[in-house]
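Every number in this text was worked out from the coordinates using simple rules, so none of it is lab data. What you see is a predicted model; the values in this text were computed from it and never measured. In this analysis, Cβ positions are derived from the backbone assuming ideal geometry, glycine residues included, and neighbour counts consider all displayed protein chains.
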Amino acid sequence: MATVIHTGDAAHGDIDTTMERLRDEVAASRSLAALAANAPDGLVRLTPQGRFLHVTPGVERAVGWRPEVLSGRSLASLAHPDDRPGIEERLARLIAAGDGATERLTFRARRVDARHAWLEASLRLERDPDGTVTGIVGVVRDVHDRHEAAAADRRRTSQFAALARVGRAIAAGAEGHALHAAIAGELVEALGARAVLVHAAPADAPAAPCTVAAWRDAPAEVPAPGLDEPLDGDGCVALALATGSPAAVAFADCAGDHGRGLALMWAHGLAVPVRRGDAVEGTITAVYGHEDGPPAEDAARVLAFAAELAGLACARE
């Protein structure tokens, strides 16, 4: 004979309460998951060795890599090669630190389109109840626009200071090769160029002679043989002299022998004419290496200011 056990209303109440609590927890979990999926920042969980275990969609929005692609890869492998040693050192320091330790990293991360974006990662240790380190958790934020804006501010300050020094040199009486060397030496750092070249407009010759070349981390050379620009070529100097207007060139796109030859050294060139009244006296040119990227948007404006100063000095001679 079966035995029937009456649970009573209290038992039914306990079951109902438990089910309601479980439903609330599931709803809360879904809300948190939706919040994490749509948050502008990304959440990451790493192994103690710094490898991705879990990432939210915010990371994919920042760098383009899908979570399954990042899974198992190290955080350092995502970074620009120059930033990897610093990341590995900071992760090791975080692991070696005591409870409550955090680290904030700012680094360049390689995007899926091969460009680099600046990220900021705030990381802390994750421990089990026994105190054993089980992993690293953190928030990853896209700070590329903020970083670029700060870099642009620093660049503008550097450019203003460089042009001010050129103006003071002119006021002190600098002219000719000495002035051109001062201009090229100031601009090569301010523009982040590989070199800044000064060419003279030839009176009756097939090429514009390069009279000054200032290289990054090197003093200006006066004169600079071997960098003369043929007037029938398709380099930026020849174009600026022919048109009397600024000329920007990607050397890889040049069809002539001279432009293709320059492409072996540089990726981009930007030349601005120097005028004395209506006459073009020469050009000031900034050239950029293949790893430098194209000139910044304000490079033409800075070169134009420098060319105007050089033109005023020419008129004084």
Inset, instruction - Would you work out which of Val133, Leu46, Trp65 lies farthest towards the positive end of the dipole of segment 39-142? Charges go on Cβ: Lys and Arg +1, Asp and Glu -1. - result: Trp65
Inset, instruction - Could you list the residues of segment 134-171 with an amide nitrogen less than 11 Å from a label point located 7 Å from the Cα of Arg115 in the Cα-to-C-beta direction? - result: 145
Inset, instruction - Could you go through segment 203-213 in sequence order and give the Karplus-derived ³J(HN,Hα) for each residue, using 6.51 cos²θ - 1.76 cosθ + 1.60 with θ = phi - 60°, rounded to whole Hz, and x for Gly and Pro? - result: 6, 8, 8, x, 9, 8, x, 7, 9, 9, 9
Inset, instruction - Would you kindly derive the ³J(HN,Hα) couplings of segment 62-79 from the backbone phi angles with the Karplus curve 6.51 cos²θ - 1.76 cosθ + 1.60 (θ = phi - 60°), listing them in order in whole Hz, with x for Gly and Pro? - result: 7, 10, x, 7, 6, x, 5, 6, 6, 4, x, 7, 7, 4, 5, 5, 7, 8
Inset, instruction - Only Cα pairs under 8 Å and at least 6 apart count here; give the relative contact order of segment 151-316 as a rounded whole percent. - result: 21 percent
Legend entry - Three principal axis lengths of segment 39-142 [C-alpha, angstrom, descending]: 42, 26, 22
Legend entry - Simple Cβ-charge dipole of segment 111-195, Lys/Arg +1 and Asp/Glu -1, about Cα centre, in debye nearest 20: 300 debye
Inset, instruction - Please identify which residues in segment 83-120 have an amide N closer than 12 Å to a label point set 7 Å out from the Cα of Val69, following the Cα→Cβ vector. - result: 110-115
Inset, instruction - Along Cα→Cβ, 7 Å out, is where each label goes; now give me the distance between the ones at Ala178 and Ala150 in nm to one decimal. - result: 4.1 nm
